[in-house]
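The values are calculated or read from the model by the stated rules, or taken from the named source; none is laboratory data. Here the structure is a predicted model, which means the values were calculated and not measured. For neighbour counting, all protein chains shown are included, and Cβ atoms are generated from backbone atoms with ideal geometry for every residue, glycine included.
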Amino acid sequence: MIGNTLGLSPSFVDQNFNFKVDKTTLVFDTDDIKARLLDLETPYYLVNENSVMGAGTLLLEGNSADACQSVSAVAYVPCFTAEDLGDPEFKKDHSLTYSYCSGAMANGIASEDMVIAMGKAGFLGSFGAGGLLPSQVENAIVNIQKALPHGPYAFNLIHSPHEPAIEQAVVDLYLAYGVHCVEAAAFINLTPSVVHYRVAGLSRDEKGRVIIQNKVIAKISRNEVATRFLEPPPEKIVNQLLKQGLISREQAQLATQVPMADDITVEADSGGHTDNRALTSLLPSVIFLRNQIQKRKNYDQWVRVGAAGGIGTPDAAFAAFAMGAAYVVTGSINQACIEAGASAHTRSLLANADMADTAMAPASDMFEMGVKLQVLKRGTFFPMRAKKLYDLYLAYNSLDDIPFQDREKIEKQIFQKDLDAVWDETRAFFEKRDPGQLEKAEKDPKKKMALVFRWYLGLASKWSNTGNSERKLDYQIWCGPCMGAFNAWVKGTYLEMAENRRVVDVAMNIMTGAAYLNRLMVLKSQKVIVPSEFSVFEPQPFFMD
């Protein structure tokens, strides 16, 4: 091989098989060969003519003899498109064209517009119901079902350990409105609410087979949590639901024959809630665990395993599929798209983020448990200020115990009002949302302190979404390192500017790029040396509505 051109490995065994090629399609220029490989819907043969590599198509019946040329083939690249990636059963069960999902970023960041755009293009979008009131979730259900009466769409069901009534109210809405697919997130243990949703959708067909109407896509980052979703619903919770009259006796019996989830999304180093684990370690581990449980349980339908966290480029998506992922899920990169429920300033910050511009900060919904989430640190003081509040929470048992100097500092710099006023607003909020929290706070000063501190953590994400100009330095923007990787990939292309980023265009480019990279891997498996510049897939506008 001379220079960085297409060639053959020294270990290549020349099969010297001849075939007839349409010589009008033969190209030998490196750029032309790459263009052929980018034509994903057409199969090509690579040829070796006088030690020069070329590409062409097979001679079809009806071609003239003048178009015929006999050459030696060295490799074959079948057609392989974005639609061919992933698990066919995943696409079939969810009525999709592509094995690609946009994840449910809370507070409506994964907006109605995003879910609708994804669904119309054959992708699965999940609405970010976490953090919203049931009335807001209900409005989203009505609007999305109107735009996508036959799907596909999903809704987030987030574990709310401090607000179980909200979690159950959202499940009641899903059951009432016939929402048949949820993305279950942040669960540590299974709750009656998520089990209720799953089991209430069980029935038998005329042949006695179990029908699972309510599909669950469980987002996990630990094997012990994955196990809970790979096993049937806990008998204790099922019996409790049966006694309450929420499920039938037949549904309770059928629950022993099915897993809690149809799909498990392995969430690695993502934005928001994350354990910062490496996908290359976590995904194979969960796939192995799935295989073990399937061998023991022998379910009629295998639980599929997908990949999330760090999926921001075609290379990352291709790597996930190559490791056995049935589908991929994106999050951070969607927040920078125009359909996201985020402000223009937030989208601009994300579009300029680098891979090192993230930090871990306390989570509002699991503040007392010490759970952290990954956020953008560039252009905002939120990570530092949120950590300060959590440090104070650990150090003192009540607001009154906080030293005057520290209290004055957080009132001025973080809350921008005195803590008594913050408590008044907090109390008014929970009187409408969950009065039980106030009862606990009246008995426990430390609980009251947690609710006051959560005032800042909760509003910080809403300030980011609404574009509150007075609180720009307090924006809480959920973001993983893949945002920086995406920005590096699209630099110099039409997707570099935030205003050009549409969620379907982003999805199509990532999947098309991954399919292209798969074609290169097919060549490499046939001992073809592929030039390094071939591995670059440049984004192209798809303009899909």
- Test for THR265: is it hydroxyl-bearing (Ser, Thr, Tyr) and more than 18 Å from ALA154 (Cβ to Cβ): no
- Task: For the stretch 505-528, indicate whether the set of residues that are touching a Lys or Arg at 6+ places or on another chain (Cβ under 9 Å), in contact (Cβ under 8 Å) with a residue 24 or more places away in the chain and of a type in the set (A, V, I, L, M) is non-empty.
- Result: no
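Only one of GLN145, GLN244 is on the phi < 0 side of the Ramachandran plot and in contact (Cβ under 8 Å) with a residue 24 or more places away in the chain; which?
Exactly one residue qualifies, and that residue is GLN145.
Could you say whether any residue in the stretch 494-509 is among the small types (Gly, Ala, Ser) and under 30 Å from GLY54 (Cα atoms)? Walk me through how you get there before you give the answer.
Applying the first criterion (among the small types (Gly, Ala, Ser)) to the stretch 494-509 yields 498, 507.
Imposing the further condition that a residue be under 30 Å from GLY54 (Cα atoms) reduces the set to none.
Within the stretch 494-509 (the criterion being among the small types (Gly, Ala, Ser) and under 30 Å from GLY54 (Cα atoms)), the answer is no, since none of the residues qualifies.
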- Of residues in the stretch 486-499 being within 22 Å of ALA82 (Cα to Cα) and without any contact (Cβ under 8 Å) to a residue 60 or more places away in the chain, the one surrounded by the most Cβ atoms within 10 Å (Cβ to Cβ): LEU495
- Considering only the stretch 365-387, state which residues are crowded, with 18+ Cβ neighbours inside 10 Å, out of contact with any strand residue (DSSP E or B) (no Cβ under 7 Å at 6 or more places or on another chain) and under 15 Å from GLN476 (Cα atoms). ASP365, PHE367, GLY379, THR380, ARG385
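Do we have any residue at all in the stretch 520-543 that's of a type in the set (A, V, I, L, M, F, W, C), in a loop (DSSP other than H, G, I, E, B), outside the structural domain of ASP113 (by TED's automatic domain parsing) and in contact with an Asp or Glu (Cβ under 7 Å, 6 or more places away or on another chain)?
Yes - at least one qualifying residue is present in the stretch 520-543.
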- Task: Would you be able to say whether some residue in the stretch 466-481 is under 15 Å from THR426 (Cα atoms) and either under 27 Å from the mean Cα position of the chain (by Cα) or not in a helix (DSSP H, G or I) (or both)?
- Result: no
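Yes or no, residue by residue, for (1) in contact (Cβ under 8 Å) with a residue 40 or more places away in the chain; (2) touching a Phe, Trp or Tyr at 6+ places or on another chain (Cβ under 7 Å):
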site	(1), (2)
GLU231	yes, no
ASN239	no, no
SER248	no, no
LEU254	yes, no
PRO259	yes, yes
ILE264	yes, yes
GLY271	yes, yes
THR274	yes, no
- So which residues in the stretch 69-109 are part of a helix (DSSP H, G or I) and within 16 Å of the chain's Cα centre (by Cα), if there are any at all? PHE90, LYS91
- Filtering the stretch 203-227 down to residues that are surrounded by fewer than 20 Cβ atoms within 10 Å (Cβ to Cβ) and of a type in the set (Lys, Arg) yields ARG204, LYS207, ARG209, LYS215, ARG222
- Query: Which ones in the stretch 244-285 are part of a helix (DSSP H, G or I), hydrophobic (A, V, I, L, M, F, W, C) and touching a helix residue (DSSP H, G or I) at 6+ places or on another chain (Cβ under 6 Å)?
  - Reply: ALA252, ALA255
- Could we say that GLY341 is more than 14 Å from the chain's Cα centre (by Cα), at positive phi and either part of a helix (DSSP H, G or I) or surrounded by fewer than 24 Cβ atoms within 10 Å (Cβ to Cβ) (or both) here? no
- Task: From (1) touching a strand residue (DSSP E or B) at 6+ places or on another chain (Cβ under 8 Å); (2) of a type outside the set (Val, Ile, Thr); (3) closer than 21 Å to GLY122 by Cα, pick out the condition that doesn't hold for ALA340.
- Result: (1)
- Query: Of all residues in the stretch 344-363, which are part of a helix (DSSP H, G or I) and not β-branched (Val, Ile, Thr)?
  - Reply: ALA344, HIS345, ARG347, SER348, LEU349, LEU350, ALA351
- Task: Please state which one of SER99, SER111, SER95 is among the hydroxyl-bearing types (Ser, Thr, Tyr), more than 21 Å from ASP262 (Cα to Cα) and in contact (Cβ under 8 Å) with a residue 24 or more places away in the chain.
- Result: SER111
- Message: Given the condition at pLDDT 95 or above, among the aliphatic types (A, V, I, L, M), touching a strand residue (DSSP E or B) at 6+ places or on another chain (Cβ under 8 Å) and under 30 Å from THR346 (Cβ atoms), answer yes or no: does some residue in the stretch 388-406 qualify?
- Response: yes
- Item | Any chance LEU289 is among the hydrophobic types (A, V, I, L, M, F, W, C) and touching a residue at least 60 places away in the same chain (Cβ under 8 Å) | yes
- Do you know which residues across the stretch 217-230 are in contact with a Gly (Cβ under 9 Å, 6 or more places away or on another chain) and within 22 Å of GLU89 (Cβ to Cβ)? ILE217, LYS219
- Item | Among the candidates PRO284, PRO362, residue that is surrounded by fewer than 19 Cβ atoms within 10 Å (Cβ to Cβ) and over 13 Å from the mean Cα position of the chain (by Cα) | PRO284
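Which one of these is under 30 Å from LEU230 (Cβ atoms), small (Gly, Ala, Ser), modelled with pLDDT of 95 or more and assigned to a loop (DSSP other than H, G, I, E, B): ALA320, ALA316, ALA307, ALA326? Walk me through how you get there before you give the answer.
On the way: ALA320 fails: assigned to a loop (DSSP other than H, G, I, E, B); ALA316 fails: assigned to a loop (DSSP other than H, G, I, E, B); ALA307 fails: assigned to a loop (DSSP other than H, G, I, E, B).
Only one candidate passes the filter, namely ALA326.
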- Query: Pick from SER193, SER203, SER248, SER221: which is touching a strand residue (DSSP E or B) at 6+ places or on another chain (Cβ under 8 Å) and more than 20 Å from TRP302 (Cα to Cα)?
  - Reply: SER193
